[in-house]
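Peer 1: One structure, as structure tokens, below. Some questions next.
The values are calculated or read from the model by the stated rules, or taken from the named source; none is laboratory data. Here the structure is a predicted model, which means the values were calculated and not measured. We place every Cβ from the backbone using ideal geometry, glycine too, and count neighbours over all the protein chains shown.
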Amino acid sequence: MSKSLRRRRTRIAVASLALLAATSGCAQAAPGSIGPSTTQGPDPATYVPGDLVLRVELVHGFMPEYFVHHLPTISVYGDGRVITEGAETHQSPAMPNVVVRRITAAGVDALVNRAVSGGVGQDTDFGQPDIYDAPGTRFTVLTDRGVLVTDVYALGADDGRNLTDAQRSARQELKDLIDDLLDLPSTLGPDAGGEEPYVPSAMAVITRPWTNDGITSRTGRPERVWPGPALPGEPMGRLQGVHCLTVAGADVAAVADAAATADAYAAWTSGGQRWLVAVRPLLPDETSCTDLI
């Protein structure tokens, strides 16, 4: 397994476990697995460039702000673009390092077939681990007869308790699928193409008021002047105190350049106030902050 793949798997596991740790005091009952939206269509479809063909992402959980500004694990589009998060350029970055590779049409079909053969879209019992408040992992695949969706609760964070051998085996199939999707050179060979930086046409800027709480106020961090449209943006629904601003056009490059060297604890000044900022590049199927709610 490559060092890059190990880093990505580690980030996914850490994110899942962080959600567990941050919400361990909640007494909510863990949800069971959610069945697929359809079981039709085991074959690849005829795709157009903008089609979202395959996605793996964390969902649910009890830290909704996390899901607003974190990218899906992997997104595959009809024109062969595969977008995921690359290695971190520095600790706790304000903006993730997003990379894209362009695979062949045969590679897209191979990933769809791999996802379906791995269990996506099947009416499978994944069991309910004895874990509370964990996120689920959602697999979405577009086929010739519709969209297949499978949600699995606490995938990768479970310890096997309260699971049958069949349930553990079904979960392992999907964990193996994630491994294959994150190591496309091994999975697709020459059809995998090469990685390059992803250049978005728009970004979502998620903001909260900066507070001197001993965590966000690290020493040695000078204030930064916000280079884009005025903060904080529009309120994000039920996320109290959280706002979001959609950045497009010429402002994208200025925001990206400024955020590339900042961390998540930096104090940004805009309108005479200080803000914490998380910059989230929007993916090809996203156009504004609304798509992240």
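Peer 1: Taking the criterion of being among the basic types (Lys, Arg) and at pLDDT 90 or above, would at least one residue in region 258-275 satisfy it? Quick ask: steps written out before the conclusion?
Peer 2: If we filter region 258-275 for residues that are among the basic types (Lys, Arg), which is where we start, we get 274.
Filter again for at pLDDT 90 or above, leaving 274.
The answer is yes, given that some residue of region 258-275 is among the basic types (Lys, Arg) and at pLDDT 90 or above.
Peer 1: Filtering region 111-130 down to residues that are surrounded by 24 or more Cβ atoms within 10 Å (Cβ to Cβ) and of a type in the set (Gly, Ala, Ser), which residue is farthest from VAL152 (Cα to Cα)?
Peer 2: Applying the first criterion (surrounded by 24 or more Cβ atoms within 10 Å (Cβ to Cβ)) to region 111-130 yields 111-112, 115, 120-121, 126.
Adding the requirement that they be of a type in the set (Gly, Ala, Ser) leaves 115, 121.
Values: ALA115: 14, GLY121: 12 Å.
Taking the candidates together, the pick is ALA115.
Peer 1: With the structure loaded, tell me whether ALA248 is modelled with pLDDT of 95 or more and among the small types (Gly, Ala, Ser) or whether it fails that test. Let's see the steps before the verdict.
Peer 2: Details: modelled with pLDDT of 95 or more: yes; among the small types (Gly, Ala, Ser): yes.
Yes.
Peer 1: For region 102-202, list the helices (runs of 4 or more DSSP H) that sit wholly inside it and hold at least 3 residues that are modelled with pLDDT under 95; which are they?
Peer 2: On the way: elements: 105-117, 165-182, 184-188.
The helices (runs of 4 or more DSSP H) meeting that bar are 165-182.
Peer 1: Further question on the same structure: Applying the selection to region 158-179, what residues are under 21 Å from the mean Cα position of the chain (by Cα) and buried (at least 17 other Cβ atoms within 10 Å of the Cβ)?
Peer 2: So the first thing to find is which residues in region 158-179 are under 21 Å from the mean Cα position of the chain (by Cα), and the list is 158, 171-179.
Across region 158-179, the qualifying residues are ASP158, ARG171, LEU174, LEU177, ILE178.
Peer 1: Might you let me know whether region 10-31 holds any residue that is farther than 22 Å from ASP263 by Cβ, among the small types (Gly, Ala, Ser), assigned by TED's automatic domain parsing to the domain that holds ALA134 and at pLDDT 50 or above?
Peer 2: The answer is no; no qualifying residue exists.
Peer 1: Which ranges mark the strands (runs of 3 or more DSSP E) fully within region 219-293 that have 3 or more residues being in contact (Cβ under 8 Å) with a residue 60 or more places away in the chain? I'd like the intermediate steps shown before the answer.
Peer 2: Details: elements: 243-248, 268-270, 273-281.
Fully inside region 219-293 and qualifying: 273-281.
Peer 1: Just need a number here: residues in region 75-98 that are surrounded by fewer than 20 Cβ atoms within 10 Å (Cβ to Cβ), of a type in the set (Val, Ile, Thr) and within 15 Å of VAL141 (Cα to Cα).
Peer 2: Counting residues in region 75-98 that are surrounded by fewer than 20 Cβ atoms within 10 Å (Cβ to Cβ), of a type in the set (Val, Ile, Thr) and within 15 Å of VAL141 (Cα to Cα) gives 0.
Peer 1: Checking the structure you have, find out if any residue of region 177-187 is under 21 Å from VAL48 (Cα atoms) and of a type in the set (Gly, Ala, Ser).
Peer 2: no
Peer 1: Does VAL68 qualify as being closer than 22 Å to MET236 by Cα, β-branched (Val, Ile, Thr) and out of contact with any Gly (no Cβ under 9 Å at 6 or more places or on another chain)?
Peer 2: Values: closer than 22 Å to MET236 by Cα: yes; β-branched (Val, Ile, Thr): yes; out of contact with any Gly (no Cβ under 9 Å at 6 or more places or on another chain): yes.
So VAL68 passes the test.
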